[in-house]
Amino acid sequence: MADVDDRFAFPSTGLPSRRVHVITYGCQMNVFDTRRMLQVLRPLGYEETDDMTMADLILLNTCSVREKPEQKVIGTITRLKPLKEARPGLVLGIGGCVGQQHGKALLDRLPYLDLVFGPDNIRDLPDMLASVEKGRQVGNTRRMKRKDYEFVAVEARAEAGPTAFLTIIKGCDKVCAFCIVPHVRGREISKPPDQVVHEVEALVARGVREVTLLGQNVNSYGKDRPSEGDFADLLARVSAVPGLARLRFVTSHPADADRRMMECFRRLPNLAEYLHLPIQSASDTVLKRMRRGYTVAEYLLKIEMARDACPDIALSTDFIVGFPGETREDFDRSMALIEKVRFDIIFSFKYSPRPRTRAVRMEDDVPENEKADRLQALQDLQDRIMVSRMERFLGRVEEVLVEGASRARDFEWMGRTRTNRVVNFPTSPAGAVKPGDLVGVRIEEVKAHSLRGRVEEDAGL
Ligand code: SF4
């Protein structure tokens with residue numbers, strides 16, 4: 001069993017091989033941040049392991065957007081305590097939004113925890129680990145100023161498979177009453193467009209076929225760099241990278257979704273037909289209290305623009321039910337809008353108050369059982385709509401980007417349509433298809449959350 005000194009001792013042959021296990025919670029931005037952590041740790045000799053009992057360093061990359069994931073983080077770190085007691089050399093750290101939110105208080109509360117850091121401090125991991133090596137508990141949640149902030153450049157070899165995420169903007173300048181993100185992720189900072197394009201080129205050179213541009217508020221991109229173009233300009237530049245088969249982006253804010261952005265779906269051939277546009281509620285009264293910055297009519301106009309530019313576009317959204325003051329009539333308006341728009345996917349949640357937000361000062365007056373009933377009703381409605389939205393694929397030949405082996409059945413591939421639907425299909429003809437290929441798949445079966453089909457040889461892709 002290694003003690004702290006052994007673990008950090010560099011053998012004469014070079015860097016030691018150490019193992020790191022990262023548990024990731026939350027959104028795709030966190031998935032991306034986890035890759036950056038691994039990238040920053042690799043020069044220190046860390047290799048990733050799936051087996052946390054073999055790890056020398058365990059990091060929890062956390063999310064505090066909702067209460068439940070935050071509770072999970074505390075539960076997980078508590079369960080790791082016996083492992084730490086058995087192997088005192090094991091380093092335990094909490095990063096991400098929970099780290100940023102609670103900072104050093106976590107170190108006081110959990111004395112066996114070595115390290116707490118925020119999303120801005122990933123670059124500093126080597127220095128933090130050096131301090132831990134000296135036997136210190138380390139808390140680093142220093143928020144970087146816009147002028148000092150540097151994105152960790154994406155390392156192409158760290159990406160696995162034919163798809164990759166790429167953060168292009170961090171933070172959020174909006175003030176949604178329920179949301180803790182601006183408090184933990186700070187103000188918006190856009191990655192320079194030349195850097196974005198360069199990183200996409202590097203990913204494509206490594207074999208990536210599809211890139212998803214990420215941001216808490218991705219379509220606010222460029223507002224802090226007005227002379228360098230807006231989000232639509234960036235989409236056009238990235239779309240033109242030779243060899244990039246597909247481009248996606250997430251998450252868009254309705255208030256920043258303008259016609260220029262929507263027109264990209266018409267004019268950029270590799271921009272996939274999928275748009276996530278969170279509405280949260282279809283009551284103007286609730287939207288105003290949420291401080292979302294748009295009305296229902298304005299939201300519907302954006303949906304119209306999207307469908308006008310791209311009639312077959314797949315639309316997804318978020319709803320929060322039971323926000324303070326949401327009446328039954330407010331909720332019914334949300335149900336009516338769902339019937340009207342017919343989203344492909346809805347991510348829906350019960351409201352839960354988050355510290356440091358405006359909504360926490362409002363009376364959480366919708367009873368828990370009523371929130372649960374509303375959530376169930378909304379999800380039942382969406383399940384019905386989703387099935388009928390999926391049925392439109394039946395018999396069609398869809399362009400599918402092959403991502404890898406199917407988890408549903410042996411000897412099947414899994415890929416996604418341009419509309420972001422999972423498709424499973426048999427591997428025959430054997431050897432003819434590999435990850436990264438674009439194939440035409442005739443859809444023969446529609447399931448609740450996926451499609452099944454068969455490769456169409458002459459699909460002309
Ligand atoms: S737009 Fe609103 S909900 Fe989205 S991250 Fe910003 S504050 Fe949170």
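Computed values, structure above
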quantity	calculated
Test for Ser388: is it under 26 Å from the mean Cα position of the chain (by Cα), of a type in the set (Gly, Ala, Ser) and more than 20 Å from Arg246 (Cα to Cα)	no
Of all residues making up the stretch 259-302, the number that are open to solvent by 10 Å² or more (accessible area, probe 1.4 Å), away from the ligand (no atom under 14 Å from the Cβ) and under 17 Å from Val341 (Cα atoms)	10
Any hit, the stretch 304-323, residues being over 13 Å from Leu275 (Cβ atoms), away from the ligand (no atom under 16 Å from the Cβ) and either in contact (Cβ under 8 Å) with a residue 60 or more places away in the chain or outside any helix (DSSP H, G or I) (or both)	yes
Residue in the stretch 186-195 that is nearest to the ligand (Cβ to nearest atom), counting only those that are part of a loop (DSSP other than H, G, I, E, B) and modelled with pLDDT of 90 or more	Glu188
Hits in the stretch 39-75 (condition: buried (at least 16 other Cβ atoms within 10 Å of the Cβ), of a type in the set (Val, Ile, Thr) and part of a helix (DSSP H, G or I))	Val40, Val73, Ile74
Scan of the stretch 228-252 for residues that are part of a helix (DSSP H, G or I), away from the ligand (no atom under 16 Å from the Cβ) and either open to solvent by less than 40 Å² (accessible area, probe 1.4 Å) or among the basic types (Lys, Arg) (or both), ordered by number	Ala232, Leu234, Leu235, Ala236, Arg237, Val238, Ser239
Among (1) within 22 Å of Gln382 (Cα to Cα); (2) touching an Asp or Glu at 6+ places or on another chain (Cβ under 7 Å); (3) among the hydrophobic types (A, V, I, L, M, F, W, C) - the single one Val341 does not satisfy	(2)
Out of His183, His198, sole residue that is within 16 Å of the ligand (Cβ to nearest atom) and open to solvent by 10 Å² or more (accessible area, probe 1.4 Å)	His183
Neighbours by Cβ (under 6 Å, 6+ apart or cross-chain): first from the stretch 62-87, over 17 Å from Lys350 (Cα atoms); second hydroxyl-bearing (Ser, Thr, Tyr)	Thr62/Tyr25; Val73/Thr62; Lys81/Tyr112; Lys84/Tyr112
Set Ala255, Ala202: member being under 30 Å from Met362 (Cα atoms), outside any loop (DSSP other than H, G, I, E, B) and small (Gly, Ala, Ser)	Ala255
Set Gly171, Gly93: member being at pLDDT 90 or above, closer than 30 Å to Asn217 by Cα, assigned by TED's automatic domain parsing to the domain that holds Leu44 and crowded, with 21+ Cβ neighbours inside 10 Å	Gly93
The stretch 366-384, subset under 14 Å from Phe319 (Cα atoms) and within 24 Å of the chain's Cα centre (by Cα), residue most open to solvent (accessible area, probe 1.4 Å)	Gln379
Exclusive hit being within 16 Å of the ligand (Cβ to nearest atom), of a type in the set (Ser, Thr, Tyr) and in contact with a strand residue (DSSP E or B) (Cβ under 6 Å, 6 or more places away or on another chain), set Thr163, Thr167	Thr167
Residue within the stretch 113-124 that is under 25 Å from the mean Cα position of the chain (by Cα), on the phi > 0 side of the Ramachandran plot and either modelled with pLDDT of 90 or more or open to solvent by less than 40 Å² (accessible area, probe 1.4 Å) (or both) present	no
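The values are calculated or read from the model by the stated rules, or taken from the named source; none is laboratory data. Note that the structure is predicted; figures quoted are calculated from it, not measured. Every residue, glycine as well, gets a Cβ built from its backbone with ideal geometry; the counts of neighbours run over all protein chains shown. In case anyone asks, the SASA skips ligands and DNA or RNA and just uses the protein heavy atoms, side chains included. Shrake-Rupley method; radii C 1.70, N 1.55, O 1.52, S 1.80 Å.
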